[in-house]
Each structure stands twice: as structure tokens, then as C-alpha cells.
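Enquirer: Mind having a look at this structure? Questions to follow.
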Amino acid sequence: MAFSLEKFIHSLDLRALPRVLQIQSGIYCQGSVYEMFGNECSLSTGEVIKVIGFKINKLIASICENNESSQFSAKVELPLNFPGLYKVVADKTPYVSIEEIARKVSIGPTRFGHPCFYSAVDIKLANFTIKHGEQITFNSVEEVNGTMVVNCVVVRNNQSHSFALPLSREGEFYECEDDQIYTLKEIAEWKIPKCRNRIVKLSNTLHMWDSSSPFPENFNGCLILKPVYEVQAVMKFRKDIVHILSDLDVEVKDITDCYDIGSFLQPLSLEDIFERTSKEFPMVVEIMEGPSGSQKPYNLLSTGKEIVIYKKYQAPRVLASEMRSDSSKRHFLIPMSYKGKFKRRPREFPTAYDLQIARSEKEQLHVVATKAFVSLHKELFSVSVGDQFLVQQCQTSEVLYEGRKKLIDVLACEQILSDSYKKVLLPMYMEGGFVEVIHDKKQYHLSEICKEFHLPFNVKVSVRDLSIEEDVLAAAPGLQFEEEITDSYLLISSASSPEESWEIPVYRLNMLVHLLSKDVQTVVPPVTRTTVEEVSKEEYYMLRRYENLTLHPPPRPPKKPT
């Protein structure tokens, strides 16, 4: 039975991929153009393609009034990087089974992939009953003893209760209200169910409108979003990946069950390669779809090139950001093999509590006050702009509070006077401002800084890395080393001229390859070149978000006595 391409995508479960389709009713754009804006626009009747994935490419938006599309509103095409932060409006249409939720809603390992629903009626389980209207968080889908289930959690009295619901369970399930805010890209990836549109509300409407906005000036911030999908497919006699938009006017038929799917090339992502066993390395692959970029190693990764992948491993990196006050701040991942040297730059501390965190046994912290502070207690010191201190240690001190003595946390310091030192106590709750005074003129390698100091740490490149053609760090006015992370990498070289090898990140490089049955000429990789990776703002926040999931936040500073 033939379907439109759009209808086929809406009915498809990602877990059922790959699927083989035959074009039943083709389309051809006149002229010699075979692709339009990177997407296929010509497909012949009878042609066979293997669908390997699909994702939302863009969104068609219309202004929403009373949860319906405004009849006076023109539809606007929005790219996924369209600016703004949005709240998701809960869908009022119920789901009739757990299977429908699992098929249409994105459920995954990140915080975006934990949708919440409630049942219109009580659900009786073996151990307890889920009450109607009670929020159920869906965490993952798995097979248990031959039955597909969704692992769920409900929270009662600050205690989590875990249980599983089979996909076969029917009922009346509604989306819960979501108070989080998301970018349009996050909504497209996680918050638009299959076969449904999504209503969203712009959370920063007041700052949104300008003359370049596609929406009218009196726009209320409420939109109905309809997704347009991009299908990734392999064609029988081509070695690259083709991209087909779901609104292309073609009809298709699913012939997976009666076709030799092995006759197509098997595209593999870098994640697929990384999941292979260490014994399977080294290997030779041909690139079916590579990243853009003219600098090494990205110029080695263009479509059709052959590369050797020697091994997979985890490697440390230091996440660093430019010290700039404007929004054009750049972010970098620096490998420990970086051969340049750094000089220290002063750190800034907004509170006395931050001074305590930055204090180290290696050297005494010397700071200058940049903001005045008047103490409420005569036992504690009042700070003037320009006062200089040597930070000593944290301790407790008695203060007179409403006629009674009370113990509070304080920071013991020495105030530097013209010819002497004065012992003073600063309240830990003090909101002031301090700048570090640097006496250390030594030049450090990256590994020395990570070993000897606590991050975050401010530096400037004093000697650039001469092994890098263009050392992007050397041009930065200053850098803040924020944290040390561990990430996944593949070591590669060109198959035709393996004079040098490069590390490429597994999770930030979108490329597809297929394996070649060729022997690797040299099993030992050539010398590895250092690469400083610049990451986008979005990648930066994702790195910090996932890295910080494993860290406990520092305790909050003590509150000022009231």
C-alpha cells in the first residue's frame, strides 16, 4: 500500500529503522538541478532507497489564538536556530495507550527525554495504586521477560517510587504542564510528538519584536508549530547520504520484508564506530557525509575521502572561555598535549565566601577590595574600596545580635597597611568585590596548572604553541580555565598519506562512514598533532550541563543575619 512520504514518516517508529522504500509516484524538478539547498528534489518512480534516520529540519509556525491557528495569520517558516526561549503548552488531546506515548513521544537518557503524563483514572499495580491526576515521569523503554515496558517514577512525600507499565496498557493519558523553558531546537528534538503539532509560548515576548521579526508587532507570543522532517537515506548506486524533505510530493511503499537490505551500503556514525570492540581497530573507512571546514583535520574528512581509524579512547580536556564582557565570547577544549605556556591573570571574587573556596595551601591569596562593605557588627571589619587583604582561614566568631551572643562563620584575614598588618574578620555572607593581586611571574604548561591550582583559573598565553599552524588561544585577551573534563575520541589519519594523525571528537562531529575491507598498512599511528577545538555556545552549555550532572554543587553561602 502506497503512502505519501509525510504520512509514512508520521507512522514510523524510530526503533524500526532502517526501512527500504520504493518510490511509487516520483517527482522531477525541471532543469539540471538534482539537489535544492542540500536536499533531494528528484526521485524516479520505481527507485529504491533505504531510510536510515529522520529528524526535524524546520518548523512551520502560525500565530495561535485560543489554542487554534489564527485564520488571519500567515504561516512562517522558522529555522531551528531561530532565537528565543519558549514554554511548551500541554497537549489537551489524550493518548489512548502507553504504546501510543512510546511511539509518538521522545523518551531518552537526557533530562529532555523524561516526559510527564497523568492518567484520567486510577491505575492499580501489584504494590500500590497510581492515583488519577498524579504525575508519572517516563524514563526509558526496555524489554523485560519478552514484554516491552516503560520504566516510570512517581514522587510522593519527596520519595521516588519506581515501576514499569507495559506498552499494552490502555487508558486516557494527558500531558502534564511543563514549567521549563527551551530553545526552538530543543523543542524540535524532544518536545514535538509524532503526528501532532505543538503549541508554544514565547517566554521573553517583550524583548522579542524588532523590524526584522517575521511576526506582527502586537504578537502575543503564542505559536502553533508544525514540523517538516528531513529523511536521511541511502540510494542503491550512490556512496553518499541523501536528504529528502518530508513535504516532497512523492508516494512510497515499504518493501523492507521482501528486499535484501544488505545490498545497500551500511552507514555508520562516529558513535557506531566508538561502540565497536577495541579488537576491531585499526580499520579503513570511506566518508559518506563529512563536516565542513578547511583546516586540518576537517579537510581530511570530506565526502569520498578514505581514512584510517587507529583506536578509540577517553582523553582529558580543559574547557576554557575567553575573558570578555560581550556576547561574542568564544569557548575552547584544550588537550593536555598543548605545548604553549601561560601566565596567570587576576581572578575576581564577588563574595568573601568565594575567597574561602579559592584559598589554597600552596600560596597566600592576596586581594584588593573593589566594593565597600559596612559591617552590622562592631566585632567584624568594614571594608573600603582599595583595602588589601591576605586571606587566612575560615573560622567562627561571636557577634552581638539583638542583645544575645551568636556564632557565625567568618573569614580571618590580614589587612595590609603601609608598614604593618592588622588581623581582621570578614563575615562569610559579605557581598563585596575583590580582585586578586598576582605576584607569580612564572610561565606554566597546561598540565602544571591542572596539577597545582584549583579551577576556575585565569590565564593568558605567553608563549604560543608553534606546532599549531594557527594558535587561536594566543589571540585571546585572556582565558578562564573552567573545568577539566573527559571526552571520547577517535585517532585518525589519511589513508593515502598517513604522515600525521589527529584526534576527532565522537559526539560533536556529525559524519557518516562505511567500512572498507582493506588492510591497514601501518598499525602504529603516526605522530599525533595537537588540535585546540573551538566549541559553539550550544556545545559549551551541553558540555557543562552533562559534566556537572556528576558533581555536587558547592554549599550556598551563609545568609546575612536578619
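Enquirer: Identify, please: which residue in the range 384-396 is under 16 Å from V435 (Cβ atoms) and out of contact with any helix residue (DSSP H, G or I) (no Cβ under 9 Å at 6 or more places or on another chain) and is, among those, surrounded by the most Cβ atoms within 10 Å (Cβ to Cβ)? Explain how you work it out, then say what you get.
Expert: Pass one, the range 384-396, residues under 16 Å from V435 (Cβ atoms): 384-391.
Next cut, out of contact with any helix residue (DSSP H, G or I) (no Cβ under 9 Å at 6 or more places or on another chain) only: 384-388, 390.
Numbers: S384: 11, V385: 12, G386: 9, D387: 21, Q388: 15, L390: 15.
Top of the filtered list is D387.
Enquirer: Inspect all residues belonging to the range 449-468 and state whether any of them is in a loop (DSSP other than H, G, I, E, B) and closer than 20 Å to I287 by Cα.
Expert: Going through the range 449-468, the residues in a loop (DSSP other than H, G, I, E, B) turn out to be 453-456, 464-468.
Those left that are additionally closer than 20 Å to I287 by Cα: none.
Checked the range 449-468: no residue is in a loop (DSSP other than H, G, I, E, B) and closer than 20 Å to I287 by Cα.
Enquirer: So K312 clears everything in (1) within 29 Å of V228 (Cα to Cα); (2) in contact with a helix residue (DSSP H, G or I) (Cβ under 8 Å, 6 or more places away or on another chain); (3) assigned to a strand (DSSP E or B); (4) open to solvent by 30 Å² or more (accessible area, probe 1.4 Å) except one condition, right? Which one?
Expert: That leaves (1) as the condition not met.
Enquirer: In addition: Among the residues of the range 163-183, is any closer than 19 Å to Y95 by Cβ and β-branched (V, I, T)?
Expert: no
Enquirer: Let me ask you something else. Give the residues of the range 371-393 that are at pLDDT 85 or above, in contact with a Leu (Cβ under 8 Å, 6 or more places away or on another chain) and more than 17 Å from P350 (Cβ to Cβ), sorted by residue number.
Expert: L380, F381, L390, Q392, Q393
Enquirer: Here are some conditions: (1) without any contact (Cβ under 8 Å) to a residue 60 or more places away in the chain; (2) in a loop (DSSP other than H, G, I, E, B); (3) surrounded by 15 or more Cβ atoms within 10 Å (Cβ to Cβ). E499 meets all but one. Which one does it not meet?
Expert: That leaves (3) as the condition not met.
Enquirer: Among the listed residues E143, E170, which satisfies the condition of being in contact (Cβ under 8 Å) with a residue 40 or more places away in the chain, out of contact with any helix residue (DSSP H, G or I) (no Cβ under 7 Å at 6 or more places or on another chain), over 30 Å from N57 (Cα atoms) and open to solvent by 30 Å² or more (accessible area, probe 1.4 Å)?
Expert: That would be E170, the only listed residue that is in contact (Cβ under 8 Å) with a residue 40 or more places away in the chain, out of contact with any helix residue (DSSP H, G or I) (no Cβ under 7 Å at 6 or more places or on another chain), over 30 Å from N57 (Cα atoms) and open to solvent by 30 Å² or more (accessible area, probe 1.4 Å).
Enquirer: Look through I261, I309, I273, I287 and report the one residue that is more than 28 Å from P526 (Cβ to Cβ), of a type outside the set (D, E, K, R) and touching a residue at least 60 places away in the same chain (Cβ under 8 Å).
Expert: After ruling out the rest, the residue left standing is I261.
Enquirer: Okay, moving on. Within the range 105-114, is there a residue that is open to solvent by 40 Å² or more (accessible area, probe 1.4 Å), over 30 Å from the mean Cα position of the chain (by Cα) and not polar (S, T, N, Q)?
Expert: no
Enquirer: Now a separate question. Among the residues of the range 64-103, which ones are outside any loop (DSSP other than H, G, I, E, B) and at pLDDT below 85?
Expert: Once the filter is applied, which keeps residues that are outside any loop (DSSP other than H, G, I, E, B) and at pLDDT below 85, the range 64-103 yields C64, E65, E68, S69.
Enquirer: Consider L490 carefully, then state whether it is closer than 30 Å to I309 by Cβ and outside any helix (DSSP H, G or I). So that I can check it myself, show each step before the final result.
Expert: Working: closer than 30 Å to I309 by Cβ: yes; outside any helix (DSSP H, G or I): yes.
Spelling it out, L490 is indeed closer than 30 Å to I309 by Cβ and outside any helix (DSSP H, G or I).
Enquirer: Any residue in the range 230-257 that's under 14 Å from N57 (Cβ atoms): show its pairings with residues that are surrounded by fewer than 18 Cβ atoms within 10 Å (Cβ to Cβ) and among the small types (G, A, S) at Cβ separation under 7 Å, as long as the two are six or more apart or on different chains.
Expert: Note: pairs meeting the criteria are Q232/G53; H243/G38.
Enquirer: Conditions first: (1) within 39 Å of the chain's Cα centre (by Cα); (2) at positive phi. G386 passes all but one, so which condition is the exception?
Expert: (1)
Enquirer: Select from the range 109-141 the residues that are closer than 25 Å to Q180 by Cβ, part of a strand (DSSP E or B) and either touching a Pro at 6+ places or on another chain (Cβ under 7 Å) or charged (D, E, K, R) (or both) and list them in ascending order.
Expert: F138
Enquirer: While we're here: Any idea which of I241, I273, I287, I261 is modelled with pLDDT under 85, among the aliphatic types (A, V, I, L, M) and under 30 Å from Y489 (Cβ atoms)? Outline the logic, then answer.
Expert: Numbers: I273 fails: modelled with pLDDT under 85; I287 fails: modelled with pLDDT under 85; I261 fails: under 30 Å from Y489 (Cβ atoms).
When all the criteria are applied, what remains is I241.
Enquirer: Does at least one position in the range 340-349 carry a residue that is assigned by the TED database to the domain that holds E470 and closer than 23 Å to R508 by Cβ?
Expert: Yes.
Enquirer: Looking at V367, V399, V437, V410, can you tell me which residue is open to solvent by 30 Å² or more (accessible area, probe 1.4 Å), farther than 30 Å from T530 by Cα and either touching a Cys at 6+ places or on another chain (Cβ under 7 Å) or among the aliphatic types (A, V, I, L, M) (or both)?
Expert: V437
Enquirer: For the range 315-331, how many residues are open to solvent by less than 70 Å² (accessible area, probe 1.4 Å), more than 27 Å from H439 (Cα to Cα) and touching a strand residue (DSSP E or B) at 6+ places or on another chain (Cβ under 7 Å)?
Expert: 4
The values are calculated or read from the model by the stated rules, or taken from the named source; none is laboratory data. Bear in mind the structure is a predicted one, so any value in this text is a computation, not a measurement. Positions of Cβ are backbone-derived with ideal geometry, glycine not excepted, and every protein chain shown enters the neighbour counts. In case anyone asks, the SASA skips ligands and DNA or RNA and just uses the protein heavy atoms, side chains included. Shrake-Rupley method; radii C 1.70, N 1.55, O 1.52, S 1.80 Å.
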